[in-house]
């Protein structure tokens with residue numbers, strides 16, 4: 001009977017992706033959530049893990065996901081994945097993405113790419129920043145959705161999530177596995 005209960009829980013999405021322990025949300029990935037932000041979704045289903053945080057004034061959300069990634073997708077450069085996926089998501093629902101930035105990051109010692117775009121759906125527009133990184137278990141996607149002109153505290157909340165992100169079961173490589181973008185190199189002495 002226990003096996004049937006666990007199977008039905010897994011298929012219905014009732015299993016939690018993370019658990020809170022000493023102010024940290026920990027599971028396959030770990031983050032320190034911003035103060036006063038609510039966890040509105042916390043589930044895992046068939047290899048997909050999803051945690052959604054919502055700002056106290058309900059204006060903005062931060063989503064952290066682990067997505068399964070096939071061998072063909074895994075062979076693609078992370079920069080390409082980060083360039084294409086944000087633009088494609090939402091098209092089926094009539095949303096159009098207008099890219100405004102694409103940057104390489106170091107996310108907890110791992111290569112990451114951030115794409116910022118303005119998403120339009122009819123008369124409504126909002127800003128979306130999506131950060132992609134890879135771990136042994138799949139593709140990790142961190143997303144910030146906020147309206148234009150949102151309170152600056154949103155940036156501090158986003159910084160808290162990005163700076164605390166880690167994969168507890170998979171330490172980052174000792175040496176960065178990527179070459180930094182030229183604009184990240186220190187200036188040459190004159």
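The values are calculated or read from the model by the stated rules, or taken from the named source; none is laboratory data. These numbers were taken from a predicted model, which means no experiment stands behind them. Cβ atoms come from the backbone with ideal geometry, glycine included; neighbour counts cover every protein chain shown.
Does at least one position in region 23-30 carry a residue that is in a strand (DSSP E or B), closer than 18 Å to residue 131 by Cα and modelled with pLDDT of 85 or more?
Looking through region 23-30, at least one residue is in a strand (DSSP E or B), closer than 18 Å to residue 131 by Cα and modelled with pLDDT of 85 or more.
Go through region 97-120 and count every residue that is closer than 17 Å to residue 147 by Cα and touching a helix residue (DSSP H, G or I) at 6+ places or on another chain (Cβ under 7 Å).
Residues of region 97-120 that are closer than 17 Å to residue 147 by Cα, as a first pass: 97-101, 115-120.
Next, only the ones that are touching a helix residue (DSSP H, G or I) at 6+ places or on another chain (Cβ under 7 Å) stay: 97, 99, 115, 117.
Residues flagged as closer than 17 Å to residue 147 by Cα and touching a helix residue (DSSP H, G or I) at 6+ places or on another chain (Cβ under 7 Å) within region 97-120 amount to 4.
State yes or no: is residue 94 under 30 Å from residue 148 (Cα atoms) and over 17 Å from the mean Cα position of the chain (by Cα)?
Working: under 30 Å from residue 148 (Cα atoms): yes; over 17 Å from the mean Cα position of the chain (by Cα): yes.
Yes.
Kindly indicate whether residue 150 is surrounded by 17 or more Cβ atoms within 10 Å (Cβ to Cβ) and in contact with a strand residue (DSSP E or B) (Cβ under 7 Å, 6 or more places away or on another chain).
The answer is no for residue 150.
List the residue pairs whose Cβ atoms are under 6 Å apart, where the first residue sits in region 55-81 and is over 28 Å from residue 39 (Cβ atoms), the second is part of a strand (DSSP E or B), and the two are 6 or more positions apart or on different chains.
That search, which allows pairs on different chains as well, returns 79/113.
Taking region 36-58, which residues are out of contact with any helix residue (DSSP H, G or I) (no Cβ under 8 Å at 6 or more places or on another chain) and assigned to a loop (DSSP other than H, G, I, E, B)?
Within region 36-58, 36, 47, 56, 57, 58 qualify.
Identify, from the list 96, 84, 92, the residue that is more than 26 Å from residue 160 (Cβ to Cβ), modelled with pLDDT under 90 and touching a strand residue (DSSP E or B) at 6+ places or on another chain (Cβ under 8 Å).
That would be 96, the only listed residue that is more than 26 Å from residue 160 (Cβ to Cβ), modelled with pLDDT under 90 and touching a strand residue (DSSP E or B) at 6+ places or on another chain (Cβ under 8 Å).
What residue, among those in region 70-84 that are under 25 Å from residue 147 (Cα atoms) and crowded, with 18+ Cβ neighbours inside 10 Å, is nearest to the chain's Cα centre (by Cα)?
Checking each candidate, the answer is 82.
Looking only at region 107-118, how many residues end up being at pLDDT 90 or above and surrounded by fewer than 19 Cβ atoms within 10 Å (Cβ to Cβ)?
2
Within region 59-69, track down each residue that is under 24 Å from residue 136 (Cα atoms) and in a loop (DSSP other than H, G, I, E, B).
68, 69
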